[in-house]
Amino acid sequence: MKTLILSVVLLFSASMLIAESTNAPQGATNAFEKYYGQVLESATRGDLDALLYIDYELQDGKIPEALLNLGYTVTVATDWYDFSDKLNTGNYGLAVAFNQNASWGAWKPDVLTALTNYIAGGGVVVFNDWTTNNDFAVLFEVSFTGNFNQTIMNLDPSIEYNVPNPITLSNAGWSIFSTGLVPIAGGIPLATFANGETALVRGNGGKTIILGYLTDAPPAAHRQQLFENLLVAVAPSPPVPLSNWALYLGILLMLTFVVIRFRRMI
């Protein structure tokens with residue numbers, strides 16, 4: 001009985017925390033703020049760009065680095081309103097959106113509508129939400145268990161390339177840094193916590209992934225690679241454009257072929 005009462009108290013406390021405050025400690029510095037408003041150019045830019053917004057990080061989650069390494073040019077939104085506007089009007093092949101600190105405010109309907117329309121149009125999205133909001137959960141084909149701060153994550157073989165498996169999550173200073181998921185509808189588990197709950201879910205016909213943890217929870221040395229593995233699971237890298245030299249060589253070969261054919265005809 002005491003255990004049941006304690007569990008209810010802890011769950012209620014977590015719910016009140018989500019409803020009334022932020023996830024980061026007072027006085028913390030946003031490690032992601034330096035990226036706001038930037039367009040980060042990839043050295044191998046493809047046809048489709050990525051739109052990125054992370055409201056807060058206590059440590060560098062290496063998300064921009066992962067995107068750039070896979071060939072995306074990354075547009076970083078300045079806030080949730082800007083993210084929604086850009087997603088509605090831009091031509092992005094990938095949207096990455098992480099709500100890690102603030103409770104959803106007046107911007108929530110805009111974000112939810114923009115993501116819903118984008119996914120319905122075939123867009124690829126990677127997402128998390130520390131507040132465990134049910135509207136976003138349904139969109140990404142999960143429900144939240146209400147169990148928080150699991151530390152051991154067992155990865156599906158499809159996303160374990162060059163990272164430890166199982167991988168350990170740690171708390172950079174958040175109140176909540178991981179949360180259990182349950183796949184619903186067409187959701188497919190990609191990782192599980194030690195308690196058996198799901199940690200990552202791919203949904204919407206393979207076009208979305210929702211994370212049950214924050215971006216700075218994996219080990220620093222493996223954050224970039226793990227996120228690259230997730231991206232490859234839902235979105236192949238953009239095509240690498242041909243260099244000018246490759247184009248010139250192709251034209252030269254075509255001209256050579258034409259000349260040889262012409263001489264044979266003579």
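Derivation of every value follows stated rules applied to the coordinates shown; laboratory data play no part. Not measured: the values here are computed from a predicted model. Glycine also receives a Cβ, built like all others from the backbone with ideal geometry; neighbour counts cover every protein chain displayed.
Add +1 for every Lys or Arg and -1 for every Asp or Glu among the other residues with Cβ under 12 Å from the Cβ of K108, and state the total.
Overall, the nearby charge balance is -3.
Rounded to a whole number of µm²/s, how large is the Stokes-Einstein D of the stretch 108-185 at 25 °C and 0.890 mPa s, given Rh as the Kirkwood radius over C-alpha pairs?
The Stokes-Einstein estimate is 170 µm²/s.
Compute the signed sum of charges (Lys and Arg +1, Asp and Glu -1) over the other residues within less than 9 Å, Cβ to Cβ, of W80.
-3
Could you work out the local net charge near I210, counting Lys and Arg as +1, Asp and Glu as -1, over the other residues with Cβ closer than 14 Å to its Cβ?
-2
For L190, what residues show an amide H to amide H distance below 5 Å, using hydrogens built from the backbone and excluding near sequence neighbours?
A199, L200, V201, R202
Using the Karplus curve 6.51 cos²θ - 1.76 cosθ + 1.60 with θ = phi - 60°, work out ³J(HN,Hα) for each residue of the stretch 62-78 in order, rounded to whole Hz, and write x for Gly and Pro.
Rounded to whole hertz, the list is 6, 6, x, 4, 5, 5, 5, 5, 8, x, 7, 8, 10, 9, 9, 6, 8.
Subtracting the Cα-Cα distance from 0.36 nm times the residue separation, let me have the gained length for A194 to E41 in nm, one decimal.
51.2 nm
Output ³J(HN,Hα) for the stretch 128-138: one whole-Hz value per residue in order, computed from phi by the Karplus curve 6.51 cos²θ - 1.76 cosθ + 1.60 with θ = phi - 60°, and x for Gly and Pro.
8, 7, 5, 7, 6, 6, 5, 4, 6, 4, 4
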